[in-house]
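Structure record follows, encoded as structure tokens.
Nothing in this text is a laboratory measurement; each read-out follows from the coordinates by a stated rule. Just so it is clear, the structure is predicted and the values come from calculations on it, not from any experiment. Glycine gets a Cβ as well: all are built from the backbone with ideal geometry, and neighbour counts include every protein chain shown.
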Amino acid sequence: MLFEKQSYSLNPILIQATLNAIERQRQKEAADPVALARRAGFEPDAWQSEVLRSEAKRQILLASRQSGKSSTTALLLLWTALYKPKSLSLAVSPSLRQSVELLRKVKDFLNALPDASGVDGESTLRLEFENGSRVVALPGSERTVRGYSAVDLLVCDEAARCESALWYSLSPMLAVSQGKAILLSTPFGRRGFYHSTWMEGGPEWERTKVTAAECPRIAPAWLEQERQQIGEFWFTQEYECSFNDDVSAVFRYEDILAAADGNITPDWSIGNALG
Ligand SMILES: Nc1ncnc2c1ncn2[C@@H]1O[C@H](COP(=O)(O)OP(=O)(O)O)[C@@H](O)[C@H]1O
Ligand SMILES: [Mg+2]
């Protein structure tokens, strides 16, 4: 007979050793979100580890497209839910679609854990854990976020594209809970709460800047090609963390200055032609 029937008697010493190992890992993760990230199969870059381990109550990330900023905050949302029982975390962004996308990253990390359990209820808009924690995805409108209070972690993705009113209604929700806020974005012009927070938010804001050139997963040759294709204005904004003029402006500030050299004669014939 190829397979002999074996009796798998439960060895109490083995069981105890396994329980001890689980408890040690739990304590390690409770003290260090990077340990949770690794168990989910994610090896953070150095800056991602710093963001994950930071104890600052206010963090602002100014980072290139595809640098890994959403993944980092998704891990922190998961860590907060798992290791702060009864916590409330909000994922906010300019649109519900983007917030749901961030929540999906949280679920993906949860499902990547070998013992993916602990979820009590879920929908595309929220995750509820057995320990009473919640992670909720919200659209970026000031009116819809108002109902929440005592928030433990607030993540505002693509913050440069969110209305300032949104931030002013979100910020008080952190007061009682002494919660943490993380604003993350690529730049989007020299305006709005994200830009002013980055520029003059004060020392309570911990700033992290990551350009595409600093990201190990973005090839320099690809970046050069992208620069040729999308032009300096977009390239410096999307990949080099540059706060350029408002993209809706018809002319860039520098171009207006450059054009004002006194040698340009107005073409009055255009006005005449218009009558
Ligand atoms: N440390 C990392 N190791 C491996 N892949 C990563 C890491 N950080 C991010 N990524 C991957 O890079 C891609 C972009 O990540 P994402 O978090 O969406 O970036 P961003 O929000 O900055 O545009 C995703 O496919 C993500 O899985
Ligand atoms: Mg993102």
Hits in the stretch 37-68 - residues which are more than 9 Å from ligand 1 (Cβ to nearest atom), among the charged types (D, E, K, R) and in contact (Cβ under 8 Å) with a residue 60 or more places away in the chain: ARG39, GLU50, LYS57, ARG58
Pick from the stretch 149-166, criterion farther than 20 Å from LEU82 by Cα and surrounded by fewer than 22 Cβ atoms within 10 Å (Cβ to Cβ), ranking: farthest from ligand 2 (Cβ to nearest atom): ALA165
Cross-chain or 6+ apart pairs with Cβ under 9 Å, the stretch 167-185 first and more than 20 Å from LYS86 (Cα to Cα) and of a type in the set (D, E, K, R), then within 16 Å of ligand 1 (Cβ to nearest atom) and part of a helix (DSSP H, G or I): none
So GLU158, is it on the phi > 0 side of the Ramachandran plot, touching a strand residue (DSSP E or B) at 6+ places or on another chain (Cβ under 9 Å), within 16 Å of ligand 1 (Cβ to nearest atom) and not hydroxyl-bearing (Ser, Thr, Tyr): yes
Only listed residue being free of Cβ contacts under 8 Å to residues at least 24 places away in the same chain, out of contact with any strand residue (DSSP E or B) (no Cβ under 8 Å at 6 or more places or on another chain) and part of a loop (DSSP other than H, G, I, E, B), chosen from PRO203, PRO216: PRO203
Failed item in (1) of a type outside the set (S, T, N, Q); (2) under 13 Å from LEU90 (Cβ atoms); (3) outside any strand (DSSP E or B), with ALA181 passing the rest: (3)
Helices (runs of 4 or more DSSP H) contained entirely in the stretch 12-122, each with at least 1 residues that are of a type in the set (S, T, N, Q) and over 28 Å from ALA219 (Cα atoms): 12-31, 69-83, 96-112
